[in-house]
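Here is the structure we will look at, set down as structure tokens.
The values are calculated or read from the model by the stated rules, or taken from the named source; none is laboratory data. Here the structure is a predicted model, which is why all the values come from computation and not from measurement. Heads up, the Cβs are rebuilt from the backbone with ideal geometry, glycines too, and the neighbour counts pull from every protein chain shown. These accessible areas exclude ligands, DNA and RNA; they are computed on the full protein's heavy atoms, side chains included. Shrake-Rupley method; radii C 1.70, N 1.55, O 1.52, S 1.80 Å.
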Amino acid sequence: MIRAEGITKYYGAGKNRFPVLKEISLSVEEGDFTVILGASGSGKSTLLNVLSGLERPEGGRICYGETDITAFSDRELTEFRKENVGFIFQQYYLLPNMNVDQNVKMGADLAGNRNYGDIIDAVGLGEKKRQYPSELSGGEQQRVSVARALAKRPRFLFLDEPTGALDEETGRQVLDYIVRLQKEYGFTIVMVTHNLNIAEMAKTVIRMNSGRISDIHTNEIRKTAYEIGW
Amino acid sequence: MVVGIKDAAKLTGISVIMGCAVLICTMFLNYYFDMNLIEDQLASEQEIIMYHAQEATVRVICLVAGGCLLATSVVMLFFYIKHYIDTHKKELGILKAIGYGSWKIAIHFWVFGVSVFLGAAAGFGGAFLLMPWFYALQNKDHFLPEVLLRFHPEVFALLVILPTAAFSALAVCYACIKLKRPVMLLLKENFQVLERKSRKAEGMVRGEKRERTQKTEASFVENLKRSTLRSKKTLVFFIVFASFCFSAMTQMSFSMKDLSSEMMGAMMLLIGLTLACVTLLLAITTVIRGNTRTIAMMQVFGYSQKECSQALLGGYRPVSYIGFALGTIYQYGLLRVMVDVVFRDVEGVPVYEFDVPVMLVSLVTFAIFYEAVMYYYTEKIKGISMKEIMLEG
Ligand SMILES: Nc1ncnc2c1ncn2[C@@H]1O[C@H](COP(=O)(O)OP(=O)(O)OP(=O)(O)O)[C@@H](O)[C@H]1O
Ligand SMILES: [Mg+2]
């Protein structure tokens, strides 16, 4: 379980210092699919980065089970990410000089995973292993980044608007792959989006409004990627 | 404005190398011209031999120092321009897309000549500050009639104006060649890869199989190390050059102390160290800058700082020691030639032998220097965060 207690985060310095996260508390059950919703600039990405140990909050604690990651040193935090966390970003951030296989290997090597070829097949890119990111469509690139994140067998997968740069059809496809792989591997998903429809796929929906959580609710009925509107 | 003065000012590497080259060449060339003026005053046999020996030294030094450094500046200029185009290809691509021709864009690259001018002018000025001292030293035993220091406009034209003009023209031409490619290749994320691949595709088939098995077996970090080395071959050259300078110049400066004078030795040491530092820092900074995304992503995924720096910089370590070895051989060869050929007829030149202790001291210093630089950059990698990358979009 991920538990955040009273998280505050500031940006800027001196007179320009302003709070981006204000006393945020929440918890995420292991194996869940949680979506963070909110307007642009409400602090979603910041919350995701803080929760996943990419950035440090100025106040509050984040615990994974009994482990308080806010007390970690930089080195421990890196080690923690290596063992537990996977990331998918809106802009893919694939390594341009490496082909699909090598990009996925970046994740696989961290977990000593030698069968990462299965994951490339699972996201439907078995035929394109030798291609470079610049030769792939946006949807294909995002699927590579899904494979890269999952090849390290994370316990927690953090996604920041993974479909933000994709069209409806490709977006659904990517989401469908992610959900199917979650069933298979059982990792926890925390996803940021501003697409209200995508939230219907999640179990828990957290709404944010200018640095605060305004609402948390649980979906009784969850829809699949092909049932939601767009 | 496509390229600003500010971009050109960043070419400190070229300025420094140009400065060193012009400094040395000005001193010797100016001396050469002034020496020519006293040729008819030569009386004794001794004076004539001394005169010709000095004339020969001047030629060798001008050619070796000037030639090597000039060649390096050209490579560095090309590298900078290519790097500039690579990092600004989106803007340049858009300019081309809306109808600017390659020449029209490339013409702005003349600004790169400014950095050459700055370096050359500084070197020229510096030479005139040092020359009174240098002239006295060249003739400290008064084997020759007194050589008076004069200003020769042709030296200024040859060493300051000409390089500036030539480098500006070269920059424009090279930029034009680099920009003469389909617009889409400029706009697309990574056109070098596409180019490289299509070039490889032509002559592939045969070597492909072996490469495949090889690539999949190597770890990610190994792969990255190789592709970093391969993607910018010019950087390999610079690292070789840096260690080459370090090794050749430090060792030569010790021998110079015996063969010529302390001042020559000190000057050589200073120039060698400056060149080595500037080039090495420049090369490593470029590697890091060009890979900020990769570094950020690796850190996000949980690769440690050490692994990141190992993957990106580790590949250059063997290369730098090769450079060191080359520099050692080079300086030995050069001094052998100077002593055996140029000064053959001059009496009182000390025997020259290869100096093992000096080589070892130089090697150890180099190793410490190199590792310190690597350590510094490994620490610097820590500062690269995903946040910056995300904000720049
Ligand atoms: N490094 C930074 N320095 C200063 N301000 C920042 C920084 N990063 C984010 N901010 C500010 O913090 C606020 C929240 O940013 P954040 O990226 O979390 O928003 P978001 O909810 O993800 O928005 P979007 O949906 O547009 O991605 C914004 O006002 C932003 O301008
Ligand atoms: Mg965001």
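Annotation: amide H of A:G60 within the under-5 Å range of A:T8, sequence separation 5 or more or interchain, hydrogens built in the peptide plane. So if I take the centroid of the Cα atoms in the range A:193-230 and the same for the range B:38-71, what is the distance between those two points in Å? Each part's Cα centre sits 83 Å from the other's. Against chain B, whose longest principal axis comes from its Cα atoms, helix B:112-138 is set at around 30 degrees.
Surface burial for B against A, with a 1.4 Å probe and both sides summed, reaches about 3100 Å² of accessible area. Comparing the full protein assembly with the isolated chain, the residues of the range B:291-314 losing at least 20 square angstrom of accessible surface (1.4 Å probe) are B:R293, B:T294, B:M297, B:Q299, B:V300, B:F301, B:G302, B:Y303. Using the Cβ-Cβ distance between B:I48 and B:V356 with R0 set to 45 Å, the FRET efficiency from 1/(1 + (r/R0)^6) comes to roughly 0.75. Over the protein assembly as shown, what is the percentage of antiparallel beta bridges among all DSSP beta bridges, to the nearest 5? If we restrict to bridges inside the protein assembly as shown, about 50 percent are antiparallel.
Surface composition of the protein assembly as shown: carbon and sulfur atoms hold 59% of the protein heavy-atom accessible area at a 1.4 Å probe. Peptide A:54-66 has a mean shielding of 1, counted as Cβ atoms of other protein chains within 10 Å of each residue's Cβ. Take B:W103: with every protein chain present and a 1.4 Å probe, its accessible area is about 140 Å².
In a Gaussian network model over chain A where Cα atoms closer than 10 Å are linked, find which of A:L48, A:L26, A:L159 has the largest mean-square fluctuation. Largest GNM mean-square fluctuation: A:L26. Just B:V116, B:V300, B:V287 to compare: in a GNM of chain B, with alpha carbon springs under 10 Å, which one fluctuates most? Looking only at B:V116, B:V300, B:V287, the biggest GNM fluctuation is shown by B:V300. Comparing A:L166, A:L21, A:L136 in a Gaussian network model of chain A where C-alpha atoms under 10 Å apart are linked, the largest mean-square fluctuation is found at A:L136.
With respect to the cross-link table entries A:K105/B:K232; A:K22/B:K90; A:K152/B:K82; A:K22/A:K105; A:K128/A:K152, which display a Cα-Cα separation exceeding 29 Å? Pairs exceeding the cut-off: A:K22/B:K90; A:K152/B:K82; A:K22/A:K105.
Annotation: amide H of A:I36 within the under-5 Å range of A:M191, A:V192, A:T193, A:I206, sequence separation 5 or more or interchain, hydrogens built in the peptide plane. Interface burial in the range A:91-134, defined as at least 50 Å² less accessible area with all protein chains than with the chain alone at a 1.4 Å probe, covers A:Y93, A:L95, A:P96, A:N97, A:M98, A:Q102, A:K105, A:M106, A:L110, A:R130, A:Y132, A:S134. Across B:H152, A:H194, the residue with the most accessible area heads the list, and the full order at a 1.4 Å probe is A:H194, B:H152. With the simple model of a label 7 Å out from the Cα in the direction of the Cβ, A:C63 to B:A136 spans 7.9 nm. Ordered from largest to smallest accessible area (heavy atoms of protein chains, 1.4 Å probe), the residues A:K223, A:K82, B:K180 come out as B:K180, A:K223, A:K82. Ligands, DNA and RNA excluded, the heavy atoms of B:C68 present near 60 Å² of accessible surface to a 1.4 Å solvent probe. The length gained on full extension between B:I329 and B:S219, counted as 0.36 nm times the residue separation minus their Cα-Cα distance, comes to 36.0 nm. Each label point was placed 7 Å from the Cα along the Cα-to-Cβ direction; for A:R222 and B:M184 their separation is 4.1 nm. The residues of the protein assembly as shown present an accessible area of 46 Å² per residue when probed at 1.4 Å with all protein chains retained. Legend: residue pairs A:K82/B:K233; B:K180/B:K380; B:K6/B:K89, Cα-Cα distance threshold 25 Å; pairs beyond threshold, A:K82/B:K233; B:K180/B:K380. Here each label is just a point 7 Å from Cα along the line to Cβ, and for B:R230 and B:F143 those points are 5.5 nm apart. Reported to the nearest whole Å, the Cα centre-to-centre distance from the range B:80-143 to the range A:95-123 is 44.
In whole Å, what is the distance between the alpha-carbon centres of the range B:242-292 and the range B:301-380? That distance is 9 Å. Treating r as the C-beta distance of B:E91 and B:I38 and R0 as 60 Å, the FRET efficiency rounds to 0.55.
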